[in-house]
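Report on one structure; see the data block that follows.
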Amino acid sequence: MKPLSLLLAVTLGLATTVSAGPSAIECWFVEDVGGGGLAKRPAALLLRQGPEGPPPRPDLDPKLYLKVDDPTGTLQAAFRRYPRGVPAPHCEISRYIPLPASANWASGLTPERSCPRALDGAWLTVSMSSSVLSLSSLLRLQPEPQQEPVLITVATVVLTVLTHTPAPRIRLGQDAILDLSFAYMPPTLEATASLAPSPPPFGLEWRRQHLGKGHLLLAATPGLGGQMPAAREGAVAFAAWDDDDPWGPWTGNGTFWLPAVRPFQEGTYLATVHLPYLQGQVSLELTMHKPPKVSLSPAPLVWAAPGEAPPELQCLVSHFYPSEGLEVEWEFRGGSESGSQKAEGQRWLSSLRHHSDGSVSLSGHLQLPPITAEQHGARYICRVHHSSLPASGRSAEVTVEVAGFSGPSLEDGVGLFLSAFLLLGLFKVLGWVGECDTIPTMGRTGARHHSSALPLYIPTSQPS
């Protein structure tokens, strides 16, 4: 029985792995009703079904109850790996009409401006977003819903554009890497036959959305000639098909790299993949952060006599980003009190100081009231909270020493010993210098005494 139990456990485990993630995605079908108005109706994407077939959904229009056929497997794989406990993605569906790309640099993708008959039929575009992915898919619908056993419409996935970093949070000054992948399968055999036995040409576009306008950062059409706009801000993209199967399906890479990001580069990034007459787009929200450095002065000790106020404490919070949401708290711990409590005293914050890298600094100040002898050894703590820090924040502290209440410490003893040693050495050096000066003086004095004892000879002139 044990081998059978083990086999059953392994089988159940594999089944759990394969069937992980939601089997259906609830969506809204959004359409224009004229006059600038929009109407929404419920819809659903059935990704997987059990052996008994699709579950009935009488609450849905059969044309909006979509059974997904995904030849590339990209859409279904994204939800097989969808983390448990993460809220379901927001999903919107709308109608789509195949059209050539509007940008001049992408005109080489569609030398014929008319859409080929192979792309005729009803199309939908699906947009999904959550904290773990942003996804866009183009679906081609079969003409009529299936009648048996449940009214449902089969929708074939033709193009999927996907990122697993929908909200990248990058440290200020570091490189930003925004991942992007895409997959394509021609919608019909006729469309496949009309293509060369290789992946089709494609275009890749990255824009940053700011104040309602899109700023083109990078555009590429790998394998096609023509004049391309210059990349801006040092942007680079890894634009290529991952495989070269002659008839598909094909997967590609459009990951975007932006070096040494600065605050002005925060915002919404739009990544668009252009295929002949088909486009898929996802959005990413790039934010930046930099945790602050925290220091306290004077430190590590502050001295005061009983009844006097210690020097003002200054907590320097330097080089952080963003400037919003910073909190500076002062805590008191020690003395006759146990635990930590809010520090008393007058407190205020300085104005922001801006740095060349886009980060900012400020200082928090605390003017303490007069202290008592019981506060000897107490600690004052500056604790900083910011979105770039853990929930506990970051802190620095200073210890209060009350004059007359501190005995000599080990450091004081070492200092006294070194001072005495240096003084003793100084005295010996001075004594040696004095002895050296005395010997030459005595020599010169003896020389003078010896010369005075010699007879003096003065030559005189002789008479002629």
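The values are calculated or read from the model by the stated rules, or taken from the named source; none is laboratory data. None of the values given here were measured: they were computed from a predicted structure. Because the Cβ atoms are built from the backbone with ideal geometry, glycine has one as well, and the counts that use them run over all protein chains shown. Calculation scope for accessible area: heavy atoms of the full protein, side chains included, ligands and nucleic acids excluded. Shrake-Rupley method; radii C 1.70, N 1.55, O 1.52, S 1.80 Å.
Only one of (1) within 30 Å of Gly226 (Cα to Cα); (2) of a type in the set (S, T, N, Q); (3) part of a loop (DSSP other than H, G, I, E, B) fails for Ser107. Which number is that?
Failing condition for Ser107: (3).
If you go through region 34-53, how many residues are open to solvent by less than 90 Å² (accessible area, probe 1.4 Å) and either basic (Lys, Arg) or in a strand (DSSP E or B) (or both)?
Quick first cut of region 34-53, residues open to solvent by less than 90 Å² (accessible area, probe 1.4 Å) only: 34, 36-37, 39, 41-50, 53.
Still in the running and either basic (Lys, Arg) or in a strand (DSSP E or B) (or both): 34, 37, 39, 41-46, 48, 50, 53.
Summing the residues that are open to solvent by less than 90 Å² (accessible area, probe 1.4 Å) and either basic (Lys, Arg) or in a strand (DSSP E or B) (or both) in region 34-53 gives 12.
Return the residue satisfying two criteria in turn: it lies in region 345-383 and is in contact with a strand residue (DSSP E or B) (Cβ under 7 Å, 6 or more places away or on another chain) and of a type in the set (D, E, K, R), and of such residues it is farthest from Pro263 (Cα to Cα).
Ranking the candidates gives Arg379 first.
Given the criteria under 19 Å from Ala391 (Cα atoms), surrounded by 18 or more Cβ atoms within 10 Å (Cβ to Cβ) and out of contact with any Asp or Glu (no Cβ under 7 Å at 6 or more places or on another chain), does Val328 qualify?
Numbers: under 19 Å from Ala391 (Cα atoms): yes; surrounded by 18 or more Cβ atoms within 10 Å (Cβ to Cβ): yes; out of contact with any Asp or Glu (no Cβ under 7 Å at 6 or more places or on another chain): yes.
So Val328 passes the test.
Of all residues being at pLDDT 95 or above and aliphatic (A, V, I, L, M) in region 134-153, which is nearest to Phe79 (Cα to Cα)? Just the residue, please.
My answer is Leu135.
Identify all residues within region 204-223 that are in contact with a Gly (Cβ under 8 Å, 6 or more places away or on another chain) and at pLDDT below 80; write none if there are none.
Once the filter is applied, which keeps residues that are in contact with a Gly (Cβ under 8 Å, 6 or more places away or on another chain) and at pLDDT below 80, region 204-223 yields only His210.
Is it the case that region 214-224 has a residue that's open to solvent by 30 Å² or more (accessible area, probe 1.4 Å), in a strand (DSSP E or B), touching a Lys or Arg at 6+ places or on another chain (Cβ under 8 Å) and not aliphatic (A, V, I, L, M)? Even if it seems obvious, please write down each step before you answer.
Residues of region 214-224 that are open to solvent by 30 Å² or more (accessible area, probe 1.4 Å), as a first pass: 214-216, 222-224.
If we keep only those that are in a strand (DSSP E or B) too, we end up with 214-216.
Pick out the ones that are also touching a Lys or Arg at 6+ places or on another chain (Cβ under 8 Å) and you get 214-216.
Okay, now just the ones that are also not aliphatic (A, V, I, L, M), so 214-215.
The answer is yes; a qualifying residue exists.
Kindly indicate whether any position in region 188-203 is at pLDDT below 95, in a strand (DSSP E or B) and either in the same structural domain as Ser356 (by the TED database) or within 34 Å of the chain's Cα centre (by Cα) (or both). Give the steps one after another, and end with the answer.
Going residue by residue through region 188-203, those that are at pLDDT below 95 are 188-203.
In the following step, the residues that additionally are in a strand (DSSP E or B) were identified as 203.
Still in the running and either in the same structural domain as Ser356 (by the TED database) or within 34 Å of the chain's Cα centre (by Cα) (or both): 203.
So far as region 188-203 goes, yes, one or more of its residues are at pLDDT below 95, in a strand (DSSP E or B) and either in the same structural domain as Ser356 (by the TED database) or within 34 Å of the chain's Cα centre (by Cα) (or both).
Could you list all residues from region 264-301 that are surrounded by fewer than 19 Cβ atoms within 10 Å (Cβ to Cβ) and part of a strand (DSSP E or B)?
Hits for region 264-301 are Gly267, Thr268, Leu270, Gln281, Ser283, Glu285, Thr287, His289, Lys293, Ser295, Ser297, Leu301.
Which of (1) farther than 30 Å from Gly214 by Cβ; (2) assigned by the TED database to the domain that holds Glu397 is the odd one out, the single condition Gly248 does not satisfy?
Checking Gly248 against (1) farther than 30 Å from Gly214 by Cβ; (2) assigned by the TED database to the domain that holds Glu397, the one that fails is (2).
Run Ala101 past the list (1) surrounded by fewer than 21 Cβ atoms within 10 Å (Cβ to Cβ); (2) touching a residue at least 60 places away in the same chain (Cβ under 8 Å); (3) assigned to a loop (DSSP other than H, G, I, E, B) and report the number of the one that doesn't hold.
For Ala101, the exception is condition (1).
Looking at (1) in a strand (DSSP E or B); (2) surrounded by 17 or more Cβ atoms within 10 Å (Cβ to Cβ); (3) of a type in the set (A, V, I, L, M), which one does Val261 not meet, given that it meets all the others?
(1)
Table: residues versus (1) on the phi > 0 side of the Ramachandran plot; (2) part of a loop (DSSP other than H, G, I, E, B); (3) open to solvent by less than 80 Å² (accessible area, probe 1.4 Å).
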residue: Ile25; (1), (2), (3): no, no, yes
residue: Pro55; (1), (2), (3): no, yes, yes
residue: Asp59; (1), (2), (3): no, yes, no
residue: Lys63; (1), (2), (3): no, no, no
residue: Leu66; (1), (2), (3): no, no, yes
residue: Ser94; (1), (2), (3): no, no, yes
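Filter region 170-185 down to residues that are touching a helix residue (DSSP H, G or I) at 6+ places or on another chain (Cβ under 8 Å) and open to solvent by 10 Å² or more (accessible area, probe 1.4 Å) and give me whichever is nearest to Val236 (Cα to Cα).
Only one residue tops the list, namely Ser181.
Could you tell me whether region 285-293 includes any residue that is over 19 Å from the mean Cα position of the chain (by Cα) and at pLDDT 95 or above? Before the answer, list the steps.
Start the filter on region 285-293 by keeping residues that are over 19 Å from the mean Cα position of the chain (by Cα), which leaves none.
No; the residues of region 285-293 include none that is over 19 Å from the mean Cα position of the chain (by Cα) and at pLDDT 95 or above.
Could you check region 230-258 and list, in sequence order, the residues that are of a type in the set (Phe, Trp, Tyr), at pLDDT 95 or above and in a loop (DSSP other than H, G, I, E, B)?
Of region 230-258, the ones of a type in the set (Phe, Trp, Tyr) are 238, 241, 247, 250, 256-257.
From what is left, the residues that are at pLDDT 95 or above are 256-257.
Within region 230-258, none qualify.
If I go through region 125-169 residue by residue, how many of them are open to solvent by 40 Å² or more (accessible area, probe 1.4 Å) and not in a loop (DSSP other than H, G, I, E, B)?
5
Where in region 343-402 are there strands (runs of 3 or more DSSP E), lying wholly inside it, with at least 3 residues that are over 16 Å from Lys293 (Cβ atoms) and open to solvent by less than 20 Å² (accessible area, probe 1.4 Å)? Show your work before the answer.
On the way: elements: 346-349, 360-367, 379-385, 394-402.
Qualifying strands (runs of 3 or more DSSP E): 394-402.
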